[in-house]
Amino acid sequence: MTADTTPPIATREHTVDGFVREFLRELNFGQGVDLTRASANDKYLAMARTVRHYLMTRWLSTLRRQGQLQAKSVAYLSAEFLLGRQLDNALLAADLQDIVREGLASLGIDLDELREEEVEPGLGNGGLGRLAACFIDSLATMNVPCIGYGIRYEYGIFRQTFVDGWQVEKPDDWLRLGSPWEFPHPESAVTVSFGGSVEQYQDDDGVVKRRWVPGWSVQGVPYNYMVPGYENGRVNTLRLWSAQATRAFDLQIFNAGDYAEAVRAQTFAENISKVLYPEDSTPQGKELRLQQQYFFVACSIKDFVDQVLPEDFDLHDLPERIVFQLNDTHPVIAVPELMRVLVDEKGWDWADAWSVTQRCFAYTCHTLLPEALEVWPVDLLGRLLPRHLEIIYRINDEFLAELREAYPDDELRVRRMSIIAEYPVRAVRMAYLATVAGTKVNGVAALHSQLLRDKVLDDFAGYWPDKFTNVTNGVTPRRFLRLSNPGLSTLVTEAIGDGWVTDLDQLRGLEPLADDAEFRRRFREVKHANKLRIADVLAHRDGITVDPDTMFDVMVKRLHEYKRQTLKLLHIVSLYEKVSTGKLAIGDVTPRTFAFGAKAAPGYVMAKQIIGLINAVGATINEDPALEGRLRVAFPANYNVTLAETLIPAADLSEQISLAGKEASGTGNMKFMLNGALTIGTDDGANVEIRELVGDENFFLFGLDEPQVAELVDRGYHPSAYYETNVDLRHALDLIASGAFSGGDRTVFEPIVSNLLNEDRFLALADFQAYVDAQAKVDAAYADPEAWTRSAVLNVARGGFFSSDRSMRDYIDRIWHTPPVPPA
Ligand code: GPU
């Protein structure tokens, strides 16, 4: 088709009047209400639909151009995309913020009120899901073709409430009031099968082959989301799959006359995308979870091969056209699925199929915790996906044969590297499968990638040294600076221009301003305004009062023992104990607001106990008049992306205190740095790189490093020894044990105390004194506001490295080799 005969794509008038016309049309014709009777939700939905119209031209032309060019794309396979609210990002990308504000105002509507109507899609647990969302934002902004593939859970991460300080989970019914950002495409549904058996048959040439005869199937209905680049005319696609009963399935049963059974079957199928599993880094090995994993990757591969690629595409060229990035092991079943498609459905030889498959995948590992490495028992896998299990066995057989040639005298090593574990039950090690199949394996921070090579996957790194690489995580500066911190954004832009929004290294230009007293004054003013803003949010959202004239000391992240919220708590309790017993005058205590945000996996008993303890300590401290309001604990329930966006910009101190060698990277740490908080942290994950960039004098380092941890654990770690020799620690633990925070009942928090004294897997007691000493340095530094602000400005200025745009550049250079495609 020549340009002249190409049908045009509709456009919208980029003016206030144009917006108002579109908005009223959506409200009246789309939503079916008149402005005088419209609810806030009606207005929000109409506005959101209007805004998406403005992105539509870009989306359609991006798709059209991709269809013509067939440029190499990234398919980011992820069981989680923790998107956060969409409206602000869409307004920013389309340069509509002022137009919409003005247009709505002309109708007597306040944009900020409507913004509050949006329910964030919580389709992820924490860091891994949020990282996926940052990455697709960056790729769109960098003009790189990408399609995100995941699951449209009907219920995202649970809504956390507190009842008497204990976590109680409520369903997250995020779709209830309508979801204006998605485009369902039931006509493009694909069928995915499960169960059944494998049979032998002869093909037309008499060759004996094996094929899958599934037992049941479901349909995957795609829901498309726009992923707009920042003011660059590109809109990529995020495609999330929703499970539905197949018609054939229904009909069979209907014909047999059992209506109730047919409806039950429907529910069964639709269960697959019903709910996000709330475990973060601790997979429970549930069958439904494996169903989810296979469901979304099988849908995605089928979609890409049958719908995205042109009809005449030669699949031998697949590696030149796509790279499937495996976001941790959750999508790794895609490897045998692609093999099955090529061998069983397309009739290829095994060797050809393997050669193509091996070049189509790359694997990112996000953990070092042994309990987080997914394994699927072969009996479960074989029941659900019998043909895939056979394929995995064959991949493993050939791999082991290759290893035996390389290491003829080292059968132990060969067994260690087997994709199939034999103990405690026969199971598939998904990380090993991903490592064998992937072109590259990457960790998510320099230290993490090093430990992957040296410890978790050392045999593999020895065999394939070039397969292993690092890509340090990043965060999108659009959402986590430009949108979340308008005050700082304006200040920065006034100083160095607005190029930083897409080239975050430009923040370096702020370095000289760290020495400019007037700049520092304005920087403090912004921080103070951000504290007022979060104080207002906490008052209305949670009924929590905080004092904006205190230091904001913030620890927000999932509740995990390895992240050591208990260490923070011991510091608080110790301070409290010293003041209550008169060892420390309250007037000498730096006024601090200790803010926490953390969800615990519903089945993680110890994590829920710790939440109970944080709230109990908070309730006691916040009410004790002896503290004169100088220490407060603020623990708003249901920490999520939306809350992060107002809380992080208000922080002075960022708590990154995981046991060294346990936090793969962290990404919250980067958001705090970019918003001008100083970090108190261990030598763990990306903290290492943060400290290298800001310098020791602008970072509060404490605690054992990874080799010291390993050595101490080897030697035999006895937490009680620290209790016995450290008076402050003993007093703090005794105070908790005494029932002081549980109405005198000593049993309530006994499990936490005895765990710390007897086990303390994450060495909180070993690091206690170092942590308290580092906190004393924080107090001293904070007492000099000019020096503190100088450090804070330097944190911002040196944080450019942590843009997810840089992460994407690294993935492109080291793994994907997908050049950008500039807009037409
Ligand atoms: N992470 Br594994 C998750 O959020 N969920 C998981 O299931 C696994 C890892 C996190 C890491 O804990 C965190 O250190 C990292 O920054 C993040 O993934 C993104 O890489």
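The values are calculated or read from the model by the stated rules, or taken from the named source; none is laboratory data. In this text the structure is predicted, and so the values were computed from the model without any measurement. Neighbour counts are summed over all protein chains in view; Cβ atoms, including those assigned to glycine, are modelled from backbone coordinates with ideal geometry.
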Exercise. What do you reckon, is R746 over 33 Å from the mean Cα position of the chain (by Cα), under 28 Å from D164 (Cα atoms) and modelled with pLDDT of 95 or more?
Worked result: yes
Problem set entry | Candidates E182, E102, E118, E154, filtered to the one that is surrounded by fewer than 17 Cβ atoms within 10 Å (Cβ to Cβ), away from the ligand (no atom under 16 Å from the Cβ) and in contact (Cβ under 8 Å) with a residue 12 or more places away in the chain | E102
Problem set entry | Set G148, G108, G124, G165: member being of a type outside the set (D, E, K, R), within 13 Å of the chain's Cα centre (by Cα) and either more than 15 Å from the ligand (Cβ to nearest atom) or closer than 26 Å to D303 by Cα (or both) | G124
Problem set entry | Single match in G487, G462, G509 (criterion: modelled with pLDDT of 95 or more, among the small types (G, A, S), outside any loop (DSSP other than H, G, I, E, B) and under 30 Å from G597 (Cα atoms)) | G487
Exercise. Is one or more of the residues making up the stretch 314-333 buried (at least 17 other Cβ atoms within 10 Å of the Cβ), within 16 Å of the ligand (Cβ to nearest atom) and hydroxyl-bearing (S, T, Y)?
Worked result: yes
Exercise. Across the stretch 432-452, which residue is nearest to the ligand (Cβ to nearest atom) among those that are over 22 Å from G685 (Cα atoms) and in a loop (DSSP other than H, G, I, E, B)?
Worked result: G438
Exercise. When the stretch 575-594 is examined, which residues are found to be surrounded by fewer than 17 Cβ atoms within 10 Å (Cβ to Cβ) and under 37 Å from the mean Cα position of the chain (by Cα)?
Worked result: P591
For this session: Restricting attention to the stretch 10-40, report how many residues are polar (S, T, N, Q) and either surrounded by 15 or more Cβ atoms within 10 Å (Cβ to Cβ) or not in a helix (DSSP H, G or I) (or both).
Result: 4
Problem set entry | Within the stretch 57-99, considering residues that are buried (at least 20 other Cβ atoms within 10 Å of the Cβ) and of a type in the set (K, R), the one farthest from the ligand (Cβ to nearest atom) | R58
For this session: List every residue pair whose Cβ atoms sit under 9 Å apart, with the two residues 6 or more apart in sequence or on different chains, where the first one lies in the stretch 655-666 and is closer than 15 Å to P707 by Cα and the second, anywhere, is part of a loop (DSSP other than H, G, I, E, B) and among the aromatic types (F, W, Y).
Result: S658/F762; L659/F762; K662/F762
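Here's the yes/no breakdown for (1) outside any helix (DSSP H, G or I); (2) crowded, with 21+ Cβ neighbours inside 10 Å:
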residue	(1), (2)
V537	no, no
L559	yes, yes
K568	no, yes
V573	no, yes
I610	no, yes
